[in-house]
Amino acid sequence: NDVDTFGARLAGTAAAAGTRHTDVASALASVLADSAPGDRILVFGSFHTAAAALASLG
């Protein structure tokens, strides 16, 4: 799947230690659960990624 392919490309980098999610909504839910009040969350990628994050936030 695309997540595994991308993960393989990150092998050997610091980013490889990151958590993988199958979609933007689950990634955003995970980071929100791990964040503290006042934390800033950066969503980067395509406009499709940003739109999915905004849709998840309601």
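The values are calculated or read from the model by the stated rules, or taken from the named source; none is laboratory data. Source: prediction; values computed, not measured. Counting neighbours? That spans all protein chains shown, and the Cβs are built from the backbone with ideal geometry, glycine included. Protein only, heavy atoms only, side chains kept; ligands, DNA and RNA dropped before computing areas. Shrake-Rupley method; radii C 1.70, N 1.55, O 1.52, S 1.80 Å.
Here the chain has 60 percent of its accessible surface on carbon and sulfur atoms, given a 1.4 Å probe and all protein chains in place. Here is the list for the chain: trypsin sites (Lys or Arg not before Pro) lying in DSSP coil, each with at most 16 other C-beta atoms within 10 angstrom of its C-beta, are Arg20, Arg40. Stretched out straight at 0.36 nm per residue, the stretch from Ala25 to Ile41 would grow longer than its current Cα-Cα span by 4.4 nm. From the coordinates of this entry, volume of the Cα convex hull per residue in Å³ is computed, and it appears in (1) 97; (2) 125; (3) 88 under the label (1).
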